[in-house]
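Enquirer: Below: one structure in structure tokens.
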Amino acid sequence: MGKTLIKNATVVNEDSISETDILIKNDFIERIDTNISDPEAKTIDVLGNYILPGVIDDQVHFREPGLTHKGTIESESRAAIAGGITTFMEQPNTNPQTTTIEKLEEKFLVAANSSFANYSFLFGGTNDNLEELKRLDSKSCSGVKLFLGSSTGNMLVDNEEVLEKIFRNTELVISTHCEDEATIRRNLQQYQNEYGDNIPIKYHPSIRSEEACYLSSSKAISLAKKTGARLHVFHLSTGKETNLFTNDVPLEQKKITAEVCIHHLWFSDADYDTKGTLIKWNPAVKTANDREKLWTALLDDRIDVIATDHAPHLLEEKDNPYTKAPSGGPLVQHALPAMLQKHAEGKIKLEKIVEKMCHNPAKLFDIEKRGFIREGFFADLVEVDLNSKWEVKKPNILYKCGWSPFEGVTFDASVKRTFINGHLAYENGQFSSVKHAKRLTFNR
């Protein structure tokens, strides 16, 4: 591959912004300095555009195997790198589910042949696979995923004894989807009694309620404290839950961490009138007050990571009555532009975006040599132009499902180039024909 020299970059990294050049050799960043020259290198002058570390998305559903009419590892990772996401961690609720070591390795084989972005997978815990989980090598995948609320098939872990044993029997990060199943079922029955299957979408946050989220999150945190497990709570959606988390120690010292997703930072229940089931997620998008409290907790470091929970469905699947319309939506192509838009609005600093989307996922999951712009690290880099307006329209949407909840939104910033392991993988709408993605390795 040789060398690439990035000239005149404005680099956002480790809580600072600086003007510098970056020399890439093969897969790695070889040198970071001003006024670098190298006659052997291919030179790319970014003309003062911003260079960020590649975004690490710790929660995506790329639908392979078994649900490939919605998306594939290839199609969704391609959309991801166009959005500046260079690394993803995919979830286990595919078909078949990733609940055995054999199925986990089969996914890695698919990704090795088809992924545009660096990859790892979470191993799914169930009520009956504890022995398989015990056999899991701590370096084989990014972590363990537990569904403590409604899920596909048998992935709902509702056996209290098994749940505690899982918490006691892994040193990996345990990532949880926290919604109390009994509360959801009770609420759903109430609305079905009144509306049948045609429940107005505005009641989604009343069914998958603040109470359901808080009960489950607080229970998971209590269990983590009891057992000493390393817990990461996915996709917080309520202001009340943010009070369960602290900012009194650095991330590296935290045993209990939290994440918020793009949609819970962008939308509120006021958007159900216009977006309908297109913004039906689990957990539900809730009130503007909840959204503001999530922002507060993100900025004061009680929330550690921003992710997408990218989960595509076809429009014809979404276009169903409430009880039959699936939850989830596609987000990886638009997550970074959405956060950059919030920066343009004065909501968040660039350094904080990089901390929450790049540095912290790498720290939290002990990812080796990624998430930072450092000499000796893999050259996963994203060039963004903060003054390049574009509107999200169907022709420029890259998801296999062909739609986005951001359709009609104009973003001020765009992703110009994405480097994967030192290779220019995406440039101004064009993709390299050669994939250079790698399986993640971990400092464990």
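The values are calculated or read from the model by the stated rules, or taken from the named source; none is laboratory data. This structure is a prediction, so every number in the text was calculated from the model and none was measured. Glycine gets a Cβ as well: all are built from the backbone with ideal geometry, and neighbour counts include every protein chain shown. These area figures cover heavy atoms from the full protein model, side chains too; ligands, DNA and RNA do not enter into them. Shrake-Rupley method; radii C 1.70, N 1.55, O 1.52, S 1.80 Å.
Enquirer: What about residue 74, is it farther than 19 Å from residue 305 by Cα and within 18 Å of the chain's Cα centre (by Cα)? Please lay out each step first, then the result.
Expert: Numbers: farther than 19 Å from residue 305 by Cα: yes; within 18 Å of the chain's Cα centre (by Cα): yes.
Judged against the criteria, residue 74 is a match.
Enquirer: Next up: Only one of (1) assigned to a loop (DSSP other than H, G, I, E, B); (2) within 23 Å of the chain's Cα centre (by Cα) is not met by residue 111, so which one is it?
Expert: All conditions are met except number (1).
Enquirer: If you don't mind, there's one more thing I want to ask. Could you pull out every one of the strands (runs of 3 or more DSSP E) wholly within the range 1-66 that has 1 or more residues that are under 24 Å from residue 357 (Cα atoms) and of a type in the set (Ser, Thr, Tyr)? So that I can check it myself, show each step before the final result.
Expert: Numbers: elements: 3-13, 16-25, 28-33, 42-45, 50-53, 55-60.
Counting at least 1 such residues, we get 3-13, 16-25, 50-53.
Enquirer: Still on this structure: Being open to solvent by 10 Å² or more (accessible area, probe 1.4 Å), of a type outside the set (D, E, K, R) and assigned to a helix (DSSP H, G or I) is the filter here; which residues of the range 337-346 pass it?
Expert: 341, 343, 344 - these are the residues of the range 337-346 that are open to solvent by 10 Å² or more (accessible area, probe 1.4 Å), of a type outside the set (D, E, K, R) and assigned to a helix (DSSP H, G or I).
Enquirer: Filter the helices (runs of 4 or more DSSP H) completely within the range 240-336 down to those with at least 2 residues that are crowded, with 19+ Cβ neighbours inside 10 Å and in contact (Cβ under 8 Å) with a residue 24 or more places away in the chain. Let's see the steps before the verdict.
Expert: On the way: elements: 262-266, 272-275, 288-299, 315-318.
Of the helices (runs of 4 or more DSSP H) lying wholly inside the range 240-336, those with at least 2 residues that are crowded, with 19+ Cβ neighbours inside 10 Å and in contact (Cβ under 8 Å) with a residue 24 or more places away in the chain span 262-266, 288-299.
Enquirer: Here's something else I'd like to know. I'd like to check something: does the range 80-94 contain any residue that is assigned to a loop (DSSP other than H, G, I, E, B), at pLDDT 95 or above, small (Gly, Ala, Ser) and open to solvent by less than 10 Å² (accessible area, probe 1.4 Å)?
Expert: Yes, the range 80-94 contains at least one residue that is assigned to a loop (DSSP other than H, G, I, E, B), at pLDDT 95 or above, small (Gly, Ala, Ser) and open to solvent by less than 10 Å² (accessible area, probe 1.4 Å).
Enquirer: Does residue 156 meet the test of being closer than 19 Å to residue 259 by Cβ, touching a helix residue (DSSP H, G or I) at 6+ places or on another chain (Cβ under 7 Å) and at pLDDT below 95? Step through it out loud before you land on a result.
Expert: On the way: closer than 19 Å to residue 259 by Cβ: no; touching a helix residue (DSSP H, G or I) at 6+ places or on another chain (Cβ under 7 Å): yes; at pLDDT below 95: yes.
Here the answer is no, as residue 156 does not meet what is asked.
Enquirer: Output the residue which, of all residues in the range 190-221 that are of a type in the set (D, E, K, R) and part of a helix (DSSP H, G or I), is nearest to residue 236 (Cα to Cα).
Expert: Out of the qualifying residues, it is 210.
Enquirer: Please state which of the following conditions residue 69 fails to meet, knowing it meets all the rest: (1) open to solvent by less than 70 Å² (accessible area, probe 1.4 Å); (2) part of a loop (DSSP other than H, G, I, E, B).
Expert: (1)
Enquirer: What number of residues in the range 14-60 are surrounded by fewer than 13 Cβ atoms within 10 Å (Cβ to Cβ) and among the aliphatic types (A, V, I, L, M)?
Expert: Total meeting the criteria: 1.
Enquirer: Filter the range 209-239 for residues that are surrounded by fewer than 17 Cβ atoms within 10 Å (Cβ to Cβ) and basic (Lys, Arg) and give the result.
Expert: Hits for the range 209-239 are 219, 225, 226.
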